[in-house]
Structures are given as C-alpha cells and as structure tokens.
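Okay, so here's the structure we're looking at.
The values are calculated or read from the model by the stated rules, or taken from the named source; none is laboratory data. Since the model is a prediction, treat every value here as computed from it, not as a measurement. Don't worry about glycine lacking a Cβ; one is built from the backbone with ideal geometry, like all the others, and counts go over all protein chains shown. For the accessible areas, the whole protein counts, side chains as well, though only heavy atoms, and no ligand, DNA or RNA atoms are used. Shrake-Rupley method; radii C 1.70, N 1.55, O 1.52, S 1.80 Å.
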Amino acid sequence: MAGYEYVSPEQLAGFDKYKYSALDTNPLSLYVMHPFWNTIVKVFPTWLAPNLITFSGFMLLVFNFLLLTYFDPDFYASAPGHKHVPDWVWIVVGILNFVAYTLDGVDGKQARRTNSSTPLGELFDHGLDSWACVYFVVTVYSIFGRGPTGVSVFVLYLLLWVVLFSFILSHWEKYNTGVLFLPWGYDISQVTISFVYIVTAVVGVEAWYEPFLFNFLYRDLFTAMIIGCALCVTLPMSLLNFYRSYKSNSLKHNSIYEAMVPFFSPCLLFTLSTVWILRSPSDILEMHPRIFYFMVGTAFANITCQLIVCQMSSTRCPTLNWLLLPLFLVVATVIVGTTTSRLESVLLYTLTAAFTLAHIHYGVQVVKQLSRHFQIYPFSLRKPNSD
C-alpha cells in the first residue's frame, strides 16, 4: 500500500490537458478581500512555495480544532454553570482563523507571482479545503455549544451536512460545467466568524444567552444563517449555473445519471451515519459528538478529493467510495443489536482512525504521484533536475 498509485494513467493524461477556469462574483471577495490579498502576497518571499502557504493555513485550522478540543472536549464549556473557555483562547482562534483564510486567499496569487501554477496546486488547495470544513464547523460550535442556551449535537450534525453539501456543490458544478463558480458564502462566513470569535472574548459567552430579537436567540441566528445561505444563495446559484450550461449545450455529461453520480457517495455517507445515530443503542452522537463529526468529515473529504481529481482530469467520478464499506459493516453491526456501549465506542474510534489514516495515505500518494508526473517538488520551487 505504501507505493499504491491512486491516480490512473487516464487521469494523469487528463491533468496534462487541464486549464484552470473559475469565476468569482462575490462583491466582498472582489472589492475587499482580493485587494487586501494582493497587498499581503507581496510580503512573502518569491522562493516560498504556494503549497507551503496552503498547508500552513490548513494547519492553523487544525490547531484551532485541537485547542478547543482541549478546553471544550464535549461542547459544554459555553453552557451556563460550566467552566468557560478562557477569553485569550477566543482571541487566538479568531486571529488564526482569519490568518488561515488569508493564506487560503494568497496561495494562488503567490503561484501566479512566482510562475509556479500547476494542477497539483489547485488540487492540493481544494483537497485541504474539503477536510477543513469539519475543523471549521466544529470549532465554531464551541461558541454556543450544547445545553439549554446552545444547539443540540444532532442539530449541529445536520448543520455540518449543510456546509458539506454546500462545499461539494461547487465541485459538482465544475464536474458538469467545467467552471468552478466560487461560492459567496465562504468569504462572508470566514470574515464573520473571525469577528465573532474576537467579540466572544470581549463580551463573554454569556452575551450569546440573550435574545437577538424578541425571543430569537443568537443560536437561532447562527442556525438560520447557515441554512439560509445554503438555501437562498449557494443552491440557487449552483442550479442557475448548471441551467445556463445546459441551455448553452456546454455540459460535460449528457445524461442525468452521469451528472448526479458525484452525489451518490455523499448521500450514502449521510444515510449511513444518520441511521447509526438514530439506531444507536448507546446514543453514540451524545456520547462522542466530536469524534463522530470528525469521522463523517474525514470520509466526506476523501469522497470530495476523488471528485476533484475526476473533474480536473475530465474522467468519470467513482460511483461509490470504498470507505463506505467499513462504515456500512459497522452500522449493520449496530442495527443488529449485538453491540454494547463500550464496543460501539471502540468501533467509532477504530473507524475514525482508519478513515484518517486512509485519507492521509490517499493525499500523500496523490501528491507524490502528481509531483513525479509534473517533475516538481510539492513544497519547493526548485526543480528536481536542478539539484
């Protein structure tokens, strides 16, 4: 398995023909963030590899996730009567979240500035973004947490899926249209949440207990913003872009079945994980919410990464992801009713570890394979033949 090659010869040939095509129409991005990033990128030395910038931003989100795992392991820290997360933690998380967002915005500009743009860079960027979804959403959850003034772990699970489907929707668009329409919700959410983290440090989590308007709590505003952005902005714009490609006869897949194939694995992942939650004899989501979210988010990231490889190489997306098989077996075992609470917890942790190792292996091997193919170093601007 150490040298397993996930990218097929057909896909490598497709990468050779790949041309980047994206469209950003978000006013916040166009008129505020891009001018800001154009200034920031000049600070970086020209020897700094864009992929190193991408990876650094991702690791900041992982650090935020781990930091709040320590201070708020079970999402009760923001509830009344519990020991709250220290104010300095919110400041650190807010700053690092904005820095991570900034690094995600300047990596492509650094690539163009140093004339080092490659398909690997785009794949690396979007692949890490797919995994960053779960780190970002779960970290934000600690602001409100669970309890009487917070959001239940099941509602957060559903909100996580709203974010995940919103993310994959843009890559489904590109799979069918050949153009990546950058979602409006991303920039708005990153700027807003970075600000909310800092505000939380100043006013304290108790401020979020109070009604926002009449009996409408801030937690309800949080929920409404995520769902509203997905239903009123992301989904309509995706369908509009798909329809325009259909009307112009520029769709890459003619049948409805082929167009919808990228949704098969995410929908099955959602079904299996939801069945596990609802049929769990030990109420697994209540017992281990953070681990369950991470398991789902990691499996989703692997599914999305395979879709990104296919849309960039103009090859067919796999109908089903192999990670769904062990998940199916675990869920079937739980449904049969032969598991104890301890065994179910062991199965969750084992599955999460397996998914994490499998996804890291996939990412490392794909990066190595494409680096060899394009004869580049993933984290250096030096050329292999210049050594």
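State the number of residues belonging to the range 343-367 that are exposed (fewer than 15 other Cβ atoms within 10 Å of the Cβ) and either in contact with a helix residue (DSSP H, G or I) (Cβ under 7 Å, 6 or more places away or on another chain) or not in a helix (DSSP H, G or I) (or both).
Within the range 343-367, residues that are exposed (fewer than 15 other Cβ atoms within 10 Å of the Cβ) and either in contact with a helix residue (DSSP H, G or I) (Cβ under 7 Å, 6 or more places away or on another chain) or not in a helix (DSSP H, G or I) (or both) number 1.
Looking only at the range 203-223, decide whether some residue is open to solvent by 70 Å² or more (accessible area, probe 1.4 Å) and under 24 Å from residue 183 (Cβ atoms).
Step one: of the range 203-223, the residues open to solvent by 70 Å² or more (accessible area, probe 1.4 Å) are 203, 206, 210, 212-216.
The next check asks that each one be under 24 Å from residue 183 (Cβ atoms); those that pass are none.
No, because not a single residue in the range 203-223 is open to solvent by 70 Å² or more (accessible area, probe 1.4 Å) and under 24 Å from residue 183 (Cβ atoms).
Could you say which residue among 19, 42 is assigned to a loop (DSSP other than H, G, I, E, B) and among the charged types (D, E, K, R)?
Working: 42 fails: assigned to a loop (DSSP other than H, G, I, E, B).
One residue alone meets the criteria, 19.
Between a residue in the range 146-168 that is without any contact (Cβ under 8 Å) to a residue 60 or more places away in the chain and in a loop (DSSP other than H, G, I, E, B) and any residue that is open to solvent by 10 Å² or more (accessible area, probe 1.4 Å) and not aromatic (Phe, Trp, Tyr), which pairs come within a Cβ distance under 7 Å, given they are 6 or more apart or on different chains?
152/146
Please enumerate the residues belonging to the range 368-387 that are within 19 Å of residue 6 (Cα to Cα) and open to solvent by 80 Å² or more (accessible area, probe 1.4 Å).
Our first condition is that a residue be within 19 Å of residue 6 (Cα to Cα); within the range 368-387, this holds for 368-378.
Matches in the range 368-387: 368, 372, 375.
Filter the range 115-129 down to residues that are out of contact with any Pro (no Cβ under 7 Å at 6 or more places or on another chain) and polar (S, T, N, Q) and give me whichever is surrounded by the fewest Cβ atoms within 10 Å (Cβ to Cβ).
Only one residue fits best here, namely 115.
For the range 293-310, indicate whether the set of residues that are hydrophobic (A, V, I, L, M, F, W, C), open to solvent by less than 10 Å² (accessible area, probe 1.4 Å) and not in a helix (DSSP H, G or I) is non-empty.
Checked the range 293-310: no residue is hydrophobic (A, V, I, L, M, F, W, C), open to solvent by less than 10 Å² (accessible area, probe 1.4 Å) and not in a helix (DSSP H, G or I).
All but one of (1) out of contact with any Lys or Arg (no Cβ under 8 Å at 6 or more places or on another chain); (2) modelled with pLDDT of 95 or more hold for residue 29; which doesn't?
Failed condition: (2).
How many residues are farther than 17 Å from residue 28 by Cα, among the polar types (S, T, N, Q) and at pLDDT 95 or above when one looks only at the range 77-109?
Counting residues in the range 77-109 that are farther than 17 Å from residue 28 by Cα, among the polar types (S, T, N, Q) and at pLDDT 95 or above gives 1.
For the range 172-192, name all the residues that are open to solvent by less than 30 Å² (accessible area, probe 1.4 Å), in a helix (DSSP H, G or I) and farther than 15 Å from residue 236 by Cα.
So the first thing to find is which residues in the range 172-192 are open to solvent by less than 30 Å² (accessible area, probe 1.4 Å), and the list is 172-178, 180, 185, 187, 190.
Then keep just the ones that are in a helix (DSSP H, G or I); that gives 172-177, 185, 187, 190.
174, 175, 176, 177, 187, 190 - these are the residues of the range 172-192 that are open to solvent by less than 30 Å² (accessible area, probe 1.4 Å), in a helix (DSSP H, G or I) and farther than 15 Å from residue 236 by Cα.
Take the residues in the range 234-258 that are open to solvent by less than 40 Å² (accessible area, probe 1.4 Å) and part of a helix (DSSP H, G or I), then tell me which one is farthest from residue 138 (Cα to Cα).
So, considering only residues that are open to solvent by less than 40 Å² (accessible area, probe 1.4 Å) and part of a helix (DSSP H, G or I), the one farthest from residue 138 (Cα to Cα) is 245.
Test residue 195 against the criterion of being open to solvent by 40 Å² or more (accessible area, probe 1.4 Å), modelled with pLDDT under 85 and closer than 24 Å to residue 80 by Cα, and give yes or no. Break it down into steps so the answer makes sense when it comes.
On the way: open to solvent by 40 Å² or more (accessible area, probe 1.4 Å): yes; modelled with pLDDT under 85: no; closer than 24 Å to residue 80 by Cα: yes.
Judged against the criteria, residue 195 is not a match.
State all residues of the range 95-113 that are among the β-branched types (Val, Ile, Thr) and crowded, with 17+ Cβ neighbours inside 10 Å; if no residue qualifies, say none.
Restricting attention to the range 95-113, the residues satisfying the condition of being among the β-branched types (Val, Ile, Thr) are 95, 99, 102, 106.
Across the range 95-113, the qualifying residues are 102, 106.
Taking the range 138-156 as the search range and keeping residues that are of a type in the set (Ser, Thr, Tyr) and surrounded by 21 or more Cβ atoms within 10 Å (Cβ to Cβ), which one is farthest from the chain's Cα centre (by Cα)? Before the answer, list the steps.
Restricting attention to the range 138-156, the residues satisfying the condition of being of a type in the set (Ser, Thr, Tyr) are 139, 141-142, 149, 152.
Keeping just the survivors that are surrounded by 21 or more Cβ atoms within 10 Å (Cβ to Cβ) gives 139, 141-142.
Numbers: 139: 12, 141: 15, 142: 18 Å.
For the range 138-156, the residue satisfying everything is 142.
Out of the range 6-55, which residues are surrounded by 13 or more Cβ atoms within 10 Å (Cβ to Cβ), of a type in the set (A, V, I, L, M), over 23 Å from the mean Cα position of the chain (by Cα) and farther than 25 Å from residue 183 by Cβ?
12, 13, 48
Please indicate, with yes or no, whether at least one residue in the range 78-94 is in a helix (DSSP H, G or I), among the β-branched types (Val, Ile, Thr), open to solvent by 10 Å² or more (accessible area, probe 1.4 Å) and touching a helix residue (DSSP H, G or I) at 6+ places or on another chain (Cβ under 9 Å). Step through it out loud before you land on a result.
The first filter runs over the range 78-94 and keeps only residues in a helix (DSSP H, G or I), leaving 87-94.
Filter once more, keeping what is among the β-branched types (Val, Ile, Thr): 89, 91-93.
Applying the additional criterion that residues be open to solvent by 10 Å² or more (accessible area, probe 1.4 Å) yields 91-92.
From what's left, touching a helix residue (DSSP H, G or I) at 6+ places or on another chain (Cβ under 9 Å): 91-92.
Within the range 78-94, one or more residues are in a helix (DSSP H, G or I), among the β-branched types (Val, Ile, Thr), open to solvent by 10 Å² or more (accessible area, probe 1.4 Å) and touching a helix residue (DSSP H, G or I) at 6+ places or on another chain (Cβ under 9 Å).
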